[in-house]
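Quick notes on the structure that follows.
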Amino acid sequence: RSPARRIDGKACAERVLAEVAEGVRQLASEGVTPGLAVVLVGEDPASQVYVRNKVRQAHTVGIRSLEHRFDADLSQAELLALIDRLNRDPEVSGILVQLPLPAHIDEQAVIQAIVPAKDVDGFHCENAGALWQGLPALIPCTPMGCMRLLHETCGDLTGKHAVVVGRSNIVGKPMAALLLQANCTVTLVHSRSRDAAAICRQADIMVAAVGRPGMIDATWLKPGAVVIDVGINRIEETHDGEHRTRLVGDVDHASAERLVAALTPVPGGVGPMTIACLMHNTLIAARTLHRRAASL
Ligand code: NDP
């Protein structure tokens, strides 16, 4: 069997970003510049990288970004007060609170405090509920990016059996909702599933969002499957006496590659799509808020 096609997330993200930049230009002609407020609490190194990338990408598509950085000892009340200000600020179209938050802050309390119209991560329960009911919603960026990659790779997904490994509110559950909306038969596998590998072997489409490096190898996969590897795991390695970190997915690419039809790389797969979709959501939020204000 020829090796799997590599699904190029970077190239696809560039296409999404070009569409967003065009949308931002159109909105600018109506006198509106989308604004993305990015909130970072603490010093988590991965979060620092994500925030830096998000802010940089916003600038490249013409979105104004407003950074709010705080030490890890920021109180929950102070953070909620900031969210309240951002909710009411007409310059802010999207609010992103980088997760994880320090342990003394209740993440759910913060997420639910964001006004749903500015919830560009799509984590608010109102957006989550609207997604499951097929109503207009801001959709979580990572699953949205995965869907775009799947449509570009497979076209119509109708009737395919999609298995999502992982059931988080951020990835697994909204991914399942989107696949269902695209007429797939959807199975969710999680840490309490029995015979997880056997279920996964039935998947025409496999989405791995577990957070366990290389857990899904060829024995979990159906020949010819299309595989989206959402996992981003940092592996510490010592090579020729040199210590370094390497990013790997949840899929064991060396073994999967010989079996499946197509596969997203890590890095360069889902990661760039997540950021591009965040820009897309910020544009949508800005447009919706503008239209709503204009109709008042
Ligand atoms: P969570 O830790 O919130 O969820 C992990 C899920 O995997 C849980 O539902 C858990 O099940 C399930 N799981 C854990 N172990 C097993 C197992 N042995 N067998 C089957 N299922 C298992 O992680 P996230 O959803 O936030 O993220 C998942 C991965 O995706 C991480 O590597 C993360 O870094 C990455 N990620 C990448 C993004 C990107 O832009 N590319 C964006 C967001 C996340 P249970 O519910 O039973 O505990």
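The figures follow:
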| quantity | calculated |
| --- | --- |
| Residue check for Leu74: farther than 22 Å from Met273 by Cβ and part of a loop (DSSP other than H, G, I, E, B) | yes |
| Checking Ile139 against (1) surrounded by 22 or more Cβ atoms within 10 Å (Cβ to Cβ); (2) hydrophobic (A, V, I, L, M, F, W, C); (3) within 13 Å of the ligand (Cβ to nearest atom), the condition it does not meet | (3) |
| Members of the stretch 15-44 that are free of Cβ contacts under 8 Å to residues at least 40 places away in the same chain and within 22 Å of Met147 (Cβ to Cβ) | Arg15, Ala18, Glu22 |
| Tabulated pairs, the stretch 227-253, first assigned by TED's automatic domain parsing to the domain that holds Val164 and in a strand (DSSP E or B), second near the ligand (Cβ under 10 Å from one of its atoms) and of a type in the set (Asp, Glu), C-beta under 6 angstrom, 6+ apart or interchain | Asp229/Asp250; Val251/Asp229 |
| Condition met for Val230 (closer than 20 Å to Gly159 by Cα and surrounded by 13 or more Cβ atoms within 10 Å (Cβ to Cβ)) | no |
| Enumeration of residues in the stretch 267-296 that are more than 19 Å from His151 (Cα to Cα), in contact with a Gly (Cβ under 8 Å, 6 or more places away or on another chain) and buried (at least 19 other Cβ atoms within 10 Å of the Cβ) | Thr282, Leu283, Ala285, Ala286 |
| Leading residue by the ranking (surrounded by the most Cβ atoms within 10 Å (Cβ to Cβ)) among those in the stretch 178-196 that are within 14 Å of the ligand (Cβ to nearest atom) and in a loop (DSSP other than H, G, I, E, B) | Ser193 |
| Filtered residues of the stretch 201-215 (kept if near the ligand (Cβ under 9 Å from one of its atoms) and crowded, with 16+ Cβ neighbours inside 10 Å) | Ala208, Ala209, Val210, Pro213, Met215 |
| Residue that is nearest to the chain's Cα centre (by Cα), among those in the stretch 120-165 that are within 29 Å of Ser65 (Cβ to Cβ) and of a type in the set (Gly, Ala, Ser) | Gly145 |
| Selection status of Leu86, in a helix (DSSP H, G or I), touching a strand residue (DSSP E or B) at 6+ places or on another chain (Cβ under 6 Å) and of a type outside the set (Gly, Ala, Ser) | yes |
| Tabulated pairs, the stretch 185-200, first in the same structural domain as Thr158 (by TED's automatic domain parsing) and within 16 Å of Ala218 (Cβ to Cβ), second among the aromatic types (Phe, Trp, Tyr) and surrounded by 11 or more Cβ atoms within 10 Å (Cβ to Cβ), C-beta under 7 angstrom, 6+ apart or interchain | Ala197/Trp220; Cys200/Trp220 |
| Close pairs from the stretch 148-173: first acidic (Asp, Glu), partner part of a helix (DSSP H, G or I), Cβ under 7 Å, at least 6 apart | Glu152/Cys12 |
| Qualifying residue in the stretch 227-238 (condition: of a type in the set (Asp, Glu) and within 11 Å of the ligand (Cβ to nearest atom)) | yes |
| Test: residue in the stretch 263-271 that is assigned to a helix (DSSP H, G or I), of a type in the set (Gly, Ala, Ser), within 16 Å of the ligand (Cβ to nearest atom) and under 30 Å from Ser191 (Cα atoms) | yes |
| Tally of residues being in a loop (DSSP other than H, G, I, E, B) and away from the ligand (no atom under 13 Å from the Cβ) across the stretch 142-177 | 6 |
| Check on Gln48, within 18 Å of the chain's Cα centre (by Cα), surrounded by fewer than 15 Cβ atoms within 10 Å (Cβ to Cβ) and either basic (Lys, Arg) or outside the structural domain of Leu149 (by TED's automatic domain parsing) (or both) | yes |
| Residues satisfying the stated conditions in the stretch 47-71, i.e. among the aromatic types (Phe, Trp, Tyr) and in a helix (DSSP H, G or I) | Tyr50 |
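The values are calculated or read from the model by the stated rules, or taken from the named source; none is laboratory data. Note that the structure is predicted; figures quoted are calculated from it, not measured. Reconstructed Cβ throughout: ideal geometry from the backbone, glycine too, with neighbour counts over all protein chains shown.
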